[in-house]
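Everything below concerns the one structure shown next.
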2 protein chains.
Amino acid sequence: MPLGTLPVNMSTTAATPEIAQYCLQTAEAARAASYQLASLDAEVKNRWLRHAAAALVAATDPIIQENEKDLAAAADYGLTDAAIDRLRLDAARIKSIATGLEEIAMLPDPVGEVIEGHTRPGGLQILKRRVPLGVVFFIYESRPNVTADAAGICVKSGNAVILRGGKEAIHSSKAIVKVLGESAQECGVPKDAVQLVSTTDRQAVGEFLSLGELIDVTIPRGGEGLIRRVAAEATMPVIKHFDGNCHVYVDQDADIEMAVNIIENAKCQRMGVCNACESLLVHEKIAADAIPAIAKRLTERGVEIRADERAISWIDNALPATDEDWSTEYLGPTISVAVVGSLQDAAAHINRYGSHHTDAIVTGDLRAAETFTTLVDSAAVMVNASTRFNDGSVFGLGAEIGISTDKFHARGPCGLRELTTYKYIVRGDGHVRT
Amino acid sequence: MPLGTLPVNMSTTAATPEIAQYCLQTAEAARAASYQLASLDAEVKNRWLRHAAAALVAATDPIIQENEKDLAAAADYGLTDAAIDRLRLDAARIKSIATGLEEIAMLPDPVGEVIEGHTRPGGLQILKRRVPLGVVFFIYESRPNVTADAAGICVKSGNAVILRGGKEAIHSSKAIVKVLGESAQECGVPKDAVQLVSTTDRQAVGEFLSLGELIDVTIPRGGEGLIRRVAAEATMPVIKHFDGNCHVYVDQDADIEMAVNIIENAKCQRMGVCNACESLLVHEKIAADAIPAIAKRLTERGVEIRADERAISWIDNALPATDEDWSTEYLGPTISVAVVGSLQDAAAHINRYGSHHTDAIVTGDLRAAETFTTLVDSAAVMVNASTRFNDGSVFGLGAEIGISTDKFHARGPCGLRELTTYKYIVRGDGHVRT
């Protein structure tokens, strides 16, 4: 994100006393549950995940009934056909949600890990032990499968979660959370470990964001406007990325066929995602050969090209790029293309205009690869690989609750471990400081 | 910190255009320097630290001359005798500052560490590599030795730093930073790696706090009011602790002599520091024996005791504690004392009223020790050891820039490693996602 586009203050009017009271009680219940969760045995959490998975499948019919209420209202909310399809639950999709919980049960429990430890001269024993963050406030889009997935990830990592799902899926989410809660009571997990915000009032979000004493982290998913509002208003840390203006840089020593394939994949494999490529930089020494080949492939795939003064001469039908193009995440069939004089210029362009999300170099030159990975200030830097690989499952995290472009706490895909912190435990035998 | 004492909005009037421009230029210069620092060889940074140490000693006379200007103005600033003493530099103290830099040179460089890495099925190689945070904005009290120390820690960890020292030490700090800058130019360290804010205008702080795009972290040291203002206004992450309301809990199975010694040390060894004990909790089953013995020792040391209804009956001359006492960091010769019915009650009291900083249990019971360390939600939990041990040098960090009571990013003492983040580096050979 370039300078000058800092968060707009999107504060809404204050919440009513009833909503404020509801939010406070919900957060206090989550805090109390978090203290119980912090000492819960891994096997209890895993038993809940497996029990909930089976219970969701057993509740397929009532869940589908509730989902039909959401589908019936979807047109009123102006959802697109694609969004309605993502909202729809059937037996296969509920089974897939259940499988997701079973997979989380199989992941190692991050809580309790001794990160490091040593004994000091004099005998004081110092340990750094991994512990849960505490309470997670999770704000997400209207896909009901995310409800179960987020609940599973948070509780497995020892955190209580307050789920604020989109109003478009509220009946489906309530039905899923009801099943999760019943399983929790069966399995010895605190009932307030997973709470769904029952009001869809937008003021509730602002109210929760003010409760920094009770909520340890907020994770917003959705459009950039929502995430900027959350980041500006939150009184607690936020795990987030605003956008994904990802670059592929084709170095002078690139294999052109490899570059064409990587750019095609990074741009076209899924256009609407945060790790898709939005901008292409090409070294001037290879531009005359690389740009026509890349442009041909992208044009075949229906991608519109916006090119700078030098690049445009090698491309049929390209539009001239404006300065705004360099900062734009198109999330669709458009790409910006610029010619750069050096690898250093490419890195400077990426650091200035990019999102610090995912950026790639295509090169056969070892020193160029090293320099690029050092200079580019992004969560993930790819060498001869598509930007599309920045993903929790690809990185082996097993489950992912979001991707962070911040440098603080967690960077890149965030899984179970990124929802933890540590505490120092110091053991003495009457030790005093002199 | 209890609920209801959330940050007060302490915004001041807007900065003048000149100050705003100065802050922006300073931050942009720091950002540019940070990109150079990120790829600087450890040996270059160490050479600078050693060179600067020698240069500071060589500049003893001019530094003392500048220090005398600060001392001459100290009375006008209303500094206490103790504060004036901390401000004073002589040859021995300048030598000690130099030794501090030499010690930082000897610490391992955290930058470049491969935190973890693996090869995925299909051959994609994934590394998590430790990298600097980037730009640190450091706000601190009027001790000139902190100027050199913070500069050394930040640059050693690959970060550019903007130093905002107290006006009371501005001449001394300028003299020190001048020497550091000259050494930087000799040794190949970017000259803007260390910048001292030249204006003592308070509005400059607010202006820097608005530059979240250019500054990666703010670290404020000083009074609670300042830190709350910084936390409320900052648009970037803050490493901080507001206060240190630290507890010692004497369990029913405690060795009373050990408890007396630990409490005396935790309360009295240094009264004005954040890891001093401010509140004592005693299990009801040991209260009749433990409280008189503890009270006797504390009274001998001149500590005033504020006790709850039960504790007061065992203490001569105690005052009744009010609810406010449980939340109070006295930073002086006062302690609050309460009797609790169980270890769980003690942990609940600490989590409610404490600062999540440092809390200790005295016990001979293994299960009690384990339960306490799990339940108490603090940066450091001590077993049979004084709270005074929560400290970077005790924990083996080698150098410390602050102590965090937050759970995000870094908790407890923060040294070189806590000023870093990581990036994912992914190496393929033309890999695309299918």
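Seen from B:W48, the other residues with C-beta closer than 12 Å to its C-beta sum to a net charge of 0, counting Lys and Arg as +1 and Asp and Glu as -1. In chain A, helical runs assigned H by DSSP with n ≥ 4 each contribute -39500 (n - 2.57); averaged across all residues and rounded to the nearest 500, the mean residue ellipticity at 222 nm is -13000 deg cm²/dmol. What residue among A:G302, A:G158, A:G181 has the largest mean-square fluctuation in a Gaussian network model of chain A, using Cα springs under 10 Å? Greatest mean-square fluctuation among the candidates belongs to A:G302. Note on B:K69: lysines with a C-alpha under 28 Å away, same-chain residues under 8 apart excluded, are B:K95, B:K167, B:K174, B:K178, B:K191.
For B:A32, the label point sits 7 Å beyond Cα toward Cβ; its separations from the matching points on the remaining copies run 5.7 nm, from shortest to longest.
Near A:N261: Cβ cut-off under 14 Å, other residues only, Lys/Arg at +1 and Asp/Glu at -1. The net charge is +1. In plain terms, the chain from B:S198 to B:D365 could stretch by 54.5 nm, reckoned as 0.36 nm per residue minus the Cα-Cα distance. Expressed in units of 2.2 N^0.38 Å, where N is the residue count, the Cα radius of gyration of chain A is 1.09. When the Cα atoms of region B:17-233 are aligned to their principal axes, the ranges along those axes come out at 70, 39, 29 Å in descending order. Beta bridges from DSSP with both residues in the protein assembly as shown: antiparallel share about 30 percent, rounded to the nearest 5. Label-to-label distances for A:G222 across copies, nearest first, come out at 3.8 nm, using points 7 Å from Cα in the beta-carbon direction. At an R0 of 30 angstrom, the distance between the Cβ atoms of A:D429 and B:T299 translates into a FRET efficiency of 0.70. For B:Y422, the shell of other residues with beta-carbons less than 13 Å away shows a net charge of +2, using +1 for Lys and Arg and -1 for Asp and Glu.
Hey, any idea what % of chain B's accessible area is carbon plus sulfur with a 1.4 Å probe? Walk me through the intermediate numbers first.
Working: 8250 of 16580 Å².
Reported share for carbon and sulfur atoms: 50 percent.
Highest GNM mean-square fluctuation among B:I215, B:I286, B:I176, for chain B modelled with Cα contacts below 10 Å: B:I286.
With the label put 7 angstrom out from Cα along the Cα-to-Cβ vector, A:D81 ends up 8.6 nm from the copy partners, going from closest to farthest.
Size of region A:120-260 from its Cα atoms: along the principal axes, largest to smallest, the extents are 61, 61, 31 Å.
A rounded overall shape is assigned to region B:246-389, the ratio a/c of its alpha-carbon gyration tensor axes (a ≥ b ≥ c) being less than 1.5. Across the protein assembly as shown, Cα-Cα pairs more than 36 Å apart make up 52 percent of the total. Taking chain A as a Gaussian network of alpha-carbon nodes connected by springs under 10 Å, the highest mean-square fluctuation of the residues A:I262, A:I19, A:I115 belongs to A:I115.
Among residues of chain B, the one whose Cβ lies closest to the rotation axis carrying chain B onto chain A, together with that distance rounded to whole Å, is B:H409, 2.
Taking the mean number of other Cβ atoms within 10 Å as a proxy for protection, how do you rank B:366-376, A:161-171 from highest to lowest?
For the peptides B:366-376, A:161-171, the packing ranking is A:161-171, B:366-376.
The P(r) of region A:183-318 has a tail past 22 Å containing 57 percent of all C-alpha pairs.
Here the spin labels are modelled as points 7 Å beyond Cα on the Cα-Cβ line, and at A:D345 and A:H118 they lie 4.8 nm apart.
Using the heavy atoms of the protein chains and a 1.4 angstrom probe, tell me the accessible area per residue for region A:17-233 in square angstrom.
Spelled out: the 1.4 Å probe surface of region A:17-233, per residue, equals 40 Å².
The values are calculated or read from the model by the stated rules, or taken from the named source; none is laboratory data. Fair warning: this is a prediction, and the values are worked out from it, not measured in the lab. Quick reminder, even Gly has a Cβ in these numbers, built from the backbone with ideal geometry, and neighbours come from all protein chains shown. Keep in mind that these areas ignore ligands, DNA and RNA; they rest on the heavy atoms of the full protein, side chains included. Shrake-Rupley method; radii C 1.70, N 1.55, O 1.52, S 1.80 Å.
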